[in-house]
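Notes for the one structure printed next.
The values are calculated or read from the model by the stated rules, or taken from the named source; none is laboratory data. Not measured: the values here are computed from a predicted model. Counting neighbours? That spans all protein chains shown, and the Cβs are built from the backbone with ideal geometry, glycine included. When the accessible area is computed, the model is the full protein with side chains, heavy atoms only, and any ligands, DNA or RNA have been set aside. Shrake-Rupley method; radii C 1.70, N 1.55, O 1.52, S 1.80 Å.
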Amino acid sequence: MTSSRIDILVIGAGPAGTSAARAAAGKGLTVICADRRAEIGVPVQCAEFVPMPLLRSVHETDSRVQDVEGMLTVLPSGLRHRRAFPGMMVDRARFDQGLAELAQAAGAQVETRCQFLDWDGEVARLRRGTDEALVVRPRLLIGADGPHSLVAEAVGLPRQQVVYTRQYTVPLLCPYADTDIFLSDAFPGGYGWLFPRGPVANLGLGADRRFEENLKLPLEQLHRQVLERGLVGAAILGRTGGAIPVGGIRPMVHGNVVLAGDAAGLTHPITGAGIPAAVISGERAGAAAADYLAGDMGALESYAEDMRDQFGPTLARAMQRRKALEAVWRQPAAREDRVMRSGWIAFDEYFAA
Ligand SMILES: Cc1cc2nc3c(=O)[nH]c(=O)nc-3n(C[C@H](O)[C@H](O)[C@H](O)COP(=O)(O)OP(=O)(O)OC[C@H]3O[C@@H](n4cnc5c(N)ncnc54)[C@H](O)[C@@H]3O)c2cc1C
């Protein structure tokens, strides 16, 4: 068994964890960032769209695949609505790996195949490889371990409410620059998407398991629907999926434990977008952790307050819209365009008081 005393242990080498590790290591602290995966960012569990404000991170990681210009929303009646929605499609594995490289360049130690097991308030137990036990005594622990965060559980938080997703990679038959969104009672608690990614597209859906257990059938149906449009091919080149937290912001500071990214519930409960919040909260958590260890006792609370200020109002509105939709899934109202418009960010109704 190996035991080490360090300043900061970050669990999770997704965008939140590596951004935190980079920020803290950049301030001269000893930082280990541990991830249970064998390869950072793999398998990709993402539709790979990021908005323009993330341009710096996309540049730094050389992960841009193509630009996105608009969002085309398909309503239950089949009516289509298009609006400008600039952003980028990224190679998410490259994005995550690039952020990990930047953390390493700042001095952080990034460990793969290293699984966090538990935390007793002072000591974190991890398992490296298949059996090597590792005990780490960090002065501060950052939980950036995603939607099913064990760090959050270790400090007493309940499991987050999540939406499950299923996604195929399919051939894209012509260049395409819109993100297509499908609103339908076939995807209760979520939506369908088609995001172009150079010669392929990510075609997926999310749904709340309370309303729909089987995601395979609606995804096959969606695939047939876009095949008929002549936009994509029939081949399925890849399959993925994963959970998206939809319960909103959680308490982020627990003594000397701090949460960031999906673990902190910062993902948008309507769109499922969480990469920007992961990078922003990670960077801010890493910097706050360093300030705290340098003697600024209010630094962690100020991190939590900043995150609530920055994301709170947007997430609160999304939670409200989610709740309203929850009351109509599997009922006739869920097949009305008017109802779906009020629950989707492309429409003015979504932002109405
Ligand atoms: C199918 C799908 C599509 C999505 N599409 C988009 C999109 O297009 N745009 C967007 O902005 N967001 C999207 N999201 C959400 C986005 O992927 C997340 O919000 C984002 O990855 C959150 O980053 P994170 O660093 O907080 O967590 P993660 O990226 O989940 O990273 C957590 C890391 O912690 C590691 N880990 C977990 N448990 C342990 C443990 N016990 N020990 C060690 N390591 C552990 C994991 O291996 C993982 O690498 C999508 C999500 C899904 C599931």
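Some points to look at:
- In terms of the mean number of neighbouring beta-carbon atoms within 10 Å, the peptides 238-245, 313-320 order highest first as 238-245, 313-320.
- Most to least accessible of MET297, MET52, MET71 (protein chains only, probe 1.4 Å): MET297, MET52, MET71
- Per DSSP, loop GluC sites (Glu not before Pro) in segment 201-246 with at most 13 further Cβ within 10 Å: GLU213
- Between LEU75, PRO313, LEU126, the Cα set farthest toward the positive side of the dipole of the chain (charges on each charged residue's Cβ, about the Cα centre) is that of LEU75.
- Cα→Cβ-extended label distance, 7 Å offset, between ASP62 and ALA327, nm: 5.3 nm
- Rounded FRET efficiency, nearest 0.05, which uses the C-beta distance separating ASN214 from VAL123 and R0 of 45 Å: 0.60
- Between helix 299-326 and the chain: long-axis angle, C-alpha atoms, 0 to 90°, nearest 10: 20 degrees
- A Cβ-based charge dipole, computed about the Cα centre of the chain with Lys and Arg at +1 and Asp and Glu at -1, lands at about 640 debye.
- Surface accessible to a 1.4 Å probe, per residue, for the residues of segment 170-250, Å²: 39 Å²
- Prolate/oblate/rounded call for segment 1-68, Cα gyration tensor, a/c under 1.5 rounded: oblate
- Solvent-accessible surface (1.4 angstrom probe) belonging to ARG127, in square angstrom, nearest 10: 90 Å²
- CD proxy at 222 nm, helix term only [per DSSP H run n ≥ 4: -39500 (n - 2.57); per residue of the chain; nearest 500]: -9500 deg cm²/dmol
- Which of GLN115, GLY298, SER184, positive extreme of dipole for segment 2-349 (C-beta unit charges): SER184
- Under the criterion of Cα pairs below 8 Å and six or more residues apart, the relative contact order for segment 2-349 equals 21 percent.
- Amide H contacts of VAL110 (H built 1.01 Å from N, in plane; Pro and chain starts excluded): CYS33 sit under 5 Å, all sequence-distant by 5 or more or on other chains.
- Estimated FRET transfer efficiency (ALA294, THR240; beta-carbon r; R0 30 Å; 0.05): 0.15
- A P(r) calculated from all alpha carbon pairs of the chain, with 20 Å bins opening at zero, reads 31, 56, 14, 0 percent.
- The residue list ALA34, GLY204, ALA260 was ranked by how far each Cα lies along the charge dipole of the chain toward its positive end, using unit charges on Cβ atoms, and GLY204 comes out on top.
- Put the Cα centre of segment 258-328 next to the Cα centre of segment 187-239 and the gap is 29 Å.
- Looking at the chain, the DSSP beta bridges with both ends there are about 70 percent antiparallel.
- Under Karplus coefficients 6.51, -1.76 and 1.60, residue-wise ³J(HN,Hα) of segment 218-228 in Hz, glycine/proline x: x, 5, 4, 5, 5, 4, 4, 4, 7, 4, 4
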